[in-house]
Structure formats: C-alpha cells, structure tokens
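A.B. asks: So that we are looking at the same thing, I have put the structure below in structure tokens.
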Amino acid sequence: MHAAHSDAVRRRRADRERHPPLSTAAPRRPTPARRSLHDADVDFLGWLRVVGGVCTVVAAREHASSDELRRLRARGALWVPLRGWVALAEGHGDVTRALQLGGVATCVSALRRHGLWTPHGDSDLHVRVPRATRTARVAGADALEDVRVHRLHERLPEERPWDGVDGIRTALAVASGCVGADDLLAAAESALQQGRLQREALLELAAKIPRRCRVVLERASALSGSGSESTFAAMLRRAHIRFVQQAELLPGEFFDFLIGTSLVVEVDSLEWHGSRAQMARDRARDARLTALGYRVVRFTYEQVMFERESVLQTVLDLVRRDMHERKVRR
Ligand SMILES: [Zn+2]
C-alpha cells in the first residue's frame, strides 16, 4: 500500500475510534488545502469503505460537504438504504438490508461483523428496531423467514450506531434473548479473549439482562481460545465436573483443560487445520504429558459442537475410571 494512502487510512481508523456515535459536535476533519473535488470524492469513498460501507448522513457530513454527497448520489457512487443513511454503491449486505427493514444489524449479525463467535449455521439477518417502532415495514420484516426482528430490553439505553452495526455490548444484550446459553457464552468469551470487551463491562451488562442469561455472562472468562472451548467448558459445568482452563503443565506450555490432577482435554477450534507439522507438535506434547502420567484426550470442533452427548459420555467414563485422579510427575 502506498505510504501516504496507508497513513490516510490509519488516520481515518483513528477518527473512527474517536467517533462518538451520536455526537453532533465532533470536529470536522481538517481538509488539506488545494485538494481537487475529484480527490475529495475518492477520499470520502475511501473512508466509507474502510469503516464498512455504510454510515449516517450526520457521520458522512464530517467527511464530506452536502454538495459532495449530493453529487456522489447523482453519479451513483452512493445510495440511500434508509432516510438519514448513505451506503457505497457496491455495499449491499446485512447492514443495508437491516436499514431497509427499518433497523440496524444486531445480535448474531452484529457479532459476525465484529469478528466474534457466532452460532454454527445461523445465516439469518438479526435486525434491531427502535423499541417504540410498530410500522408496517417492521411488521413486514417480522414476517420474513430469514429475518429476526429484535427490540432492546427496557433496562438498556437505545443507541443508534453510526455505522449501522450494534456495538458488542448491545449485540450481546440482544443475543441473550435470542441464542442458546452455550452460544451466548461462546460469543461473550470470544469478545473477552480478543480484548474487545472488559470483564467489568460484561458484568455491568449482565446485571441488566434477565437472570437466566446473567449467570451465563457472569461465568464468561477470557481463557477460552475458541467457541468450541467455550462450549466444552459449559458442558463440563453442567455435568458438575471441575476443571482448570489453560493449565501450564509443561514449562511455558498451556493445555486447554485439566480435569482433576491428571486428565487433560484438548479441543480443536474451527480454524484448526491439521497440517503435518502441527499434528507432529501436538503428538509430541501429548507424549511428554503421557510420560508424566497424564491421560490426554483430544476432541475435534465437530465432535464438541455436534456430538455433545458422546463427548460428555467419554469424559464421564474416564472420570468414573478415576483417570482424572492419577498421580503425575511435575
Ligand atoms: Zn438474534
């Protein structure tokens, strides 16, 4: 990437992070002198592309004049998915569709945009509409088979995200009323693990949602490296099996789960691709643990997600045979 261009992108990313979603007083980005109108267009479109292709007109006006915006619309570079919003001509996706239905992307759709865990196979569009809105458009959206219309719980403040995608906290709050407990936990843990959400913020959120889900969020930790690990942890808790996550059993080497003193469980993530080198490393680690007296079991992502009964049965069998309470050398 051209250095000057990448600088500009970085600057705009910084702008975006500073961008107060509902502020009307945000300072306008200083415009370099003697910039041709054509460059100005490219500049704004480039910014919009970097931030996801959709924004409110209020946010757009911090980067382009009304004249520029009008001209870009006239020449087809921008379109209007909902009054008060603009989108790139090529930007048709979950977010613009949510806007066309009268809401913003939330819940699973927002979590996916944030790069967090989402339930396997959920390709529905999750839309959050304002609590008070009861329009025909929203009723129409509700009737669509691949759309789930949500409204935020009353204890939480409504926000209007300037890029059309609910923030992680709001998305999790909405998801607490939509997805299963294991999936909610996995999503929250992926946010903690990636450092996108602090535990305090999660606990604050937990206090405001229904009790059943509160417990799930209160248990979330940053220790699970993948959704399958989160799911496996939830499974063990339900079975009242005590465990330690990310136990350092060899100097500087961490293992997914330690049950009791001697049963080690490793869980592959969806992204795990068993290259020969990786497999060889895993085998070597297993062998070293086995030599010390541990029993090592591995489960694939598919086993944890789709064969939960038999995975749990395997663990229970090992526990029943006291494989978790053997003496090990440290
Ligand atoms: Zn949902």
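A.B. asks: Could you tell me which residue out of 305, 180, 69 lies farthest along the dipole of the chain toward its positive end? Charges go on the beta carbon: Lys and Arg +1, Asp and Glu -1, centred on the Cα centre.
C.D. replies: 69
A.B. asks: Once every DSSP H run of n ≥ 4 in the chain is given -39500 (n - 2.57) and the sum is divided by its residues, what mean residue ellipticity at 222 nm do you get, rounded to the nearest 500 deg cm²/dmol?
C.D. replies: Helix contribution divided over all residues of the chain: -13500 deg cm²/dmol.
A.B. asks: Moving to a separate point now. If you look at just the Cα atoms of the chain, how large are its Rg and its Dmax in Å?
C.D. replies: Considering the chain through its Cα atoms, Rg and Dmax are 24.2, 78 Å.
A.B. asks: Shifting gears a bit: If packing is taken as the average number of other Cβ atoms within 10 Å across a peptide's residues, how do 313-324, 46-57 rank, most packed first?
C.D. replies: For the peptides 313-324, 46-57, the packing ranking is 46-57, 313-324.
A.B. asks: A further question follows. List the GluC sites (Glu not before Pro) within the stretch 225-313 that DSSP assigns to loop and that have no more than 12 neighbouring Cβ atoms inside 10 Å.
C.D. replies: Within the stretch 225-313, the qualifying GluC sites (Glu not before Pro) (loop, at most 12 other Cβ atoms within 10 Å) are 271.
A.B. asks: Can you give me the relative contact order of the chain as a percent, contacts being Cα pairs under 8 Å and 6 or more apart?
C.D. replies: 11 percent.
A.B. asks: Of the listed peptides 108-119, 83-94, what is their order by residue-averaged count of other C-beta atoms within 10 Å, with the highest listed first?
C.D. replies: By packing density, highest mean first, the sequence is 108-119, 83-94.
A.B. asks: Extent of the stretch 98-219 along each principal axis, from alpha carbon coordinates, in Å, largest to smallest?
C.D. replies: Extents along the principal axes, in whole Å: 40, 30, 27.
A.B. asks: Here's something else I'd like to know. So what is the relative contact order of the stretch 98-219, in percent, for Cα pairs below 8 Å that sit 6 or more residues apart?
C.D. replies: Across the stretch 98-219, relative contact order equals 27 percent.
A.B. asks: Right, another one. How would you order 232-239, 145-152, 167-174 from highest to lowest mean count of nearby Cβ atoms within 10 Å?
C.D. replies: 167-174, 232-239, 145-152
A.B. asks: Cα axis of helix 308-320 to longest principal axis of the chain: angle in degrees, 0 to 90, nearest 10?
C.D. replies: Tilt relative to the chain: about 30 degrees.
A.B. asks: In units of 2.2 N^0.38 Å, what is the alpha-carbon radius of gyration of the stretch 227-320?
C.D. replies: Numbers: Rg = 12.8 Å, N = 94, 2.2 N^0.38 = 12.4 Å.
Cα-based Rg divided by the globular estimate yields 1.04.
A.B. asks: What is the distance in Å between the Cα centroid of the stretch 249-299 and that of the stretch 52-119?
C.D. replies: Result: 45 Å between the Cα centres.
A.B. asks: I've got another one for you. Work out the length of the dipole vector of the chain about its Cα centre, built from +1 on the beta-carbon of each Lys and Arg and -1 on the beta-carbon of each Asp and Glu, and round it to the nearest 20 debye.
C.D. replies: Dipole of the chain, to the nearest 20 debye: 700 debye.
Just so you know, all these numbers are worked out from the coordinates, no wet-lab data involved. Remember, it's a predicted structure, so these values are computed and weren't measured experimentally. Because the Cβ atoms are built from the backbone with ideal geometry, glycine has one as well, and the counts that use them run over all protein chains shown.
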